[in-house]
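This report refers to the structure that appears directly beneath it.
The values are calculated or read from the model by the stated rules, or taken from the named source; none is laboratory data. None of the values given here were measured: they were computed from a predicted structure. For neighbour counting, all protein chains shown are included, and Cβ atoms are generated from backbone atoms with ideal geometry for every residue, glycine included. Side chains are part of the model used for accessible areas, which takes the heavy atoms of the whole protein and leaves out ligands, DNA and RNA. Shrake-Rupley method; radii C 1.70, N 1.55, O 1.52, S 1.80 Å.
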Amino acid sequence: MKVLVPVKRVVDYNVKIRVKPDQTGVDLANVKMSMNPFDEISVEEAVRLKEAGTATEVIAVSVGPQQAQETIRTALAMGADRGILVKTDETVEPLAVAKILKAICDAESPDLVILGKQAIDDDCNQTGQMLAALLGWPQGTFASELKFADGKLDVTREIDGGLQTVKINMPAVVTVDLRLNEPRYASLPNIMKAKKKPIDEKSPEEYSVDISPRLEVLKVTDPPQREAGVKVETVAELVEKLKSEAGVI
Amino acid sequence: MSTLVIAEHDNASLRDATHKTITAAAALGAPVTVLVAGSGCASVGEEASKLAGVEKVLVADDPALEKQLAEPMAALVISLSGDYSAIVAPATTNGKNYSPRIAAMLDSAQISEIVSVESPDTFIRPIYAGNAMQTVKSSDAKKVITVRTTAFKAAEEGGSAPVESVSLTDNPGISEYVGEELSKSDRPELTSAKIIISGGRGMQSGENFAMLEKVADKLNAAVGASRAAVDAGFVPNDYQVGQTGKVVAPELYIAVGISGAIQHLAGMKDSKVIVAINKDEEAPIFQVADYGLVADLFKAVPELEEELGKAGL
């Protein structure tokens, strides 16, 4: 089984982002960038499938600037076999990313595409579902467990109120949620080995995909700020205030 | 052209998320049609027809739609899409699952989790876990939108829309429902509860959440948790409030032993009143709390239960 793992380079989750004063976006200058945390989980799952003998090859793909190569290297250091960088300096919306990934799937014929449920920058939660639609494949979203049997895939999904299991045909697209696994740290020898693994460089044009945005960003602003309230001394005072002042109990 | 709202329901009754999505959809300015897709869901269609602002209800009753799996849902909505200029769904796990599939089939860029409708083509949505707000204008002829339901008021009763039935003609048959394990609880659901009491790493163990449950029972509240408490294995993931869990906006949110990481604040900072109980007075949660109590939670929480009892709750 061949597995494709799309990965995105995003602002590191520990960074407190700042909105630019001219409201054109979020300041990305000199900000630490990392692999989208949900994508780390999808890389880990793909590598585990390979270690278990279920997968034969793991291909890491990223759509982004030259530096997205570092994100692919991280995936290679975790155990992916080779990489494809689709290089562009433009902002690429989920629909366009899905179209590029579809073209890569047409060329590579993977049996499974496994990706993070959402990126922590644009919080769209779209790419996996869109790719499944374009390919006409089923989708197992927000996965917390995968079981392969008889050419089908059982996906346990995190849904409102609990867990749901669906059985989907292969090939399939899976998007992963937090509890699927705990991603490994790449060891130093594996980081060194990853430097020798091949990364193909492509462009959106080579896949004949129009990446021009459909959504125009008019502005980006700070969220409404909440002011700190008062400190209460005792539980009795708290209950009194909630009752008479706030009127919420 | 009309706006199509995809209803969230459990085949017996409409979920509150639907009422809120109808309000967001009505703000687009076009007549609203509600699609109830499910199995044995005729009564849900009747319920939707009585809501104010609804012009028409479509009921698609088919065993293949019982759990609203993305593949048949997308096929159904695409078959109906010709009549609509916008397709709007709640950003529940169901909506998040099928909506982008519909959008891609329509070659439309989805606008996810809107919190405000500025005009029929311009919307505000949170990015970076709510640490920035993005205003976007869509140029797509058919817009596909998901709605962060906590940002909109619920549509009220006061309508009598006609109900029509439609059918699923083209189920791709590539997916099937196997089973569900839903958390059993008599308490309200996190996303619709008026009061929520959540515990963090400070709770120290899953057993200690029993203290919160006692308070919750007095207040008819839901019990939530921070990601730290989930990661530590105290409670299951569906308790999680935050960037990577559920986004809630109750009347009252009580944070117990929660430090207030950005990721948690992103999920609850739109609550009307926030209470923080934490022994560390420097904890960032106090910066967003309306009422802060610096105290050992193991003393304060049982005391809270007692005081609520005294107050007649």
Q. In whole percent, what relative contact order does the range A:123-249 give with Cα contacts below 8 Å and a gap of six or more residues?
A. 17 percent
Q: List the residues of the range B:123-145 that lose 50 Å² or more of accessible area once all protein chains are present, compared with their chain alone (1.4 Å probe, heavy atoms only, no ligands or nucleic acids).
A: B:TYR128, B:ASN131, B:MET133, B:THR135, B:LYS137
Q: Would you tell me the mean number of C-beta atoms belonging to other protein chains that fall within 10 Å of each C-beta in B:150-162, as a whole number?
A: 0
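For the protein assembly as shown, what does -39500 (n - 2.57) per DSSP helix run (n ≥ 4), summed and divided by total residues, give at 222 nm, in deg cm²/dmol to the nearest 500?
Here the helix-only value at 222 nm equals -7500 deg cm²/dmol.
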Q) Of the cross-linked pairs A:LYS8/A:LYS87; A:LYS167/B:LYS246; A:LYS2/A:LYS50, which ones have a Cα-Cα span greater than 19 Å in the structure shown? A) A:LYS167/B:LYS246
Q) When only Cα pairs under 8 Å and 6 or more residues apart are kept, what is the percent relative contact order across chain B? A) 14 percent
Q: Quote the total accessible area buried by chains B and A together, excluding ligands, DNA and RNA, probe 1.4 Å, nearest 100 Å².
A: 6700 Å²
Q) Rounded to the nearest 5, what % of the DSSP beta bridges within chain B are antiparallel ones? A) 20 percent
**Q.** Whole-percent carbon and sulfur share, accessible surface of the range A:105-216, 1.4 Å
**A.** 49 percent
Q) Expressed as an acute angle from 0 to 90° and rounded to the nearest 10, what is the orientation of the C-alpha long axis of helix A:94-108 relative to the principal long axis of chain A? A) 20 degrees
Q. For chain B, modelled as a GNM with alpha-carbon contacts under 10 angstrom, which of B:ALA17, B:ALA104, B:ALA249 fluctuates the most?
A. B:ALA104
Q: May I ask you to give the solvent-accessible area per residue for the range B:223-313, in square angstrom, as obtained with a 1.4 angstrom probe?
A: 36 Å²
Q) Could you give the length gained on full extension between A:GLN23 and A:GLU182, defined as 0.36 nm per residue of separation minus the Cα-Cα distance, in nm? A) 53.6 nm
Q: Shielding by partners for B:263-275, please: the mean number of other protein chain Cβ atoms within 10 Å of each residue's Cβ.
A: 3
Q | Acute angle (nearest 10 degrees) that the helix B:209-219 long axis makes with the longest principal axis of chain B, alpha-carbon atoms | A | 70 degrees
Q: Only counting protein heavy atoms at a 1.4 Å probe, give the residues of the range B:44-92, ordered by number, whose accessible area falls by 20 Å² or more when the other protein chains are present relative to the chain alone.
A: B:LEU69, B:GLU71
Q: Could you state the angle between the C-alpha long axis of helix A:68-78 and the longest principal axis of the C-alpha atoms of chain A, as a value from 0 to 90 degrees rounded to the nearest 10?
A: 80 degrees
Q) How many partner chain Cβ atoms sit within 10 Å of a residue's Cβ in peptide B:171-177, on average, as a whole number? A) 6
Q: Add +1 for every Lys or Arg and -1 for every Asp or Glu among the other residues with Cβ under 12 Å from the Cβ of A:THR71, and state the total.
A: -1
Q | Proximal aspartates and glutamates relative to A:LYS147, as straight alpha-carbon distance under 19 Å, when same-chain residues fewer than 8 apart are discounted | A | A:GLU44, A:GLU45, A:GLU51, A:GLU57, A:ASP111, A:GLU158, A:ASP177, A:GLU182, B:GLU176, B:GLU180, B:GLU181
(Q) Cut-off under 24 Å on the C-alpha distance; same-chain residues fewer than 8 positions from B:LYS143 excluded. Which lysines are left, in chain and number order? (A) A:LYS99, A:LYS102, A:LYS117, A:LYS219, B:LYS20, B:LYS56, B:LYS96, B:LYS153
Q. How much length is gained if the chain between A:ASN30 and A:ILE199 is pulled fully straight, taking 0.36 nm per residue apart and subtracting their Cα-Cα distance, in nm to one decimal?
A. 58.3 nm
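Can you give me the % of accessible surface on the range A:9-75 that is carbon or sulfur? Probe 1.4 Å, all protein chains present, nothing else counted. Mind showing how you got there, number by number?
Details: 1460 of 3210 Å².
Answer for the range A:9-75: carbon and sulfur cover 45 percent of the accessible area.
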(Q) If a paramagnetic tag sat 7 Å from the Cα of A:ARG82 along the Cα-Cβ line, which residues of the range A:1-15 would have the backbone N under 19 Å from that point? (A) A:1-7
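Rounded to the nearest whole Å², what accessible area per residue is found for the range B:166-206 with the 1.4 Å probe?
Values: 2440 Å² over 41 residues.
Accessible area per residue: 60 Å².
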Q) lysines within cross-link reach of B:LYS214: Cα-Cα under 20 Å, excluding same-chain residues under 8 positions apart? A) A:LYS243, B:LYS184, B:LYS194, B:LYS299, B:LYS310
Q) Taking all protein chains as present, what is the carbon and sulfur share of the accessible area of chain B, in % to the nearest whole number, probe 1.4 Å? A) 46 percent
Q: Determine the per residue accessible area of the range A:1-158 with all protein chains present and a 1.4 angstrom probe, expressed in square angstrom.
A: 37 Å²
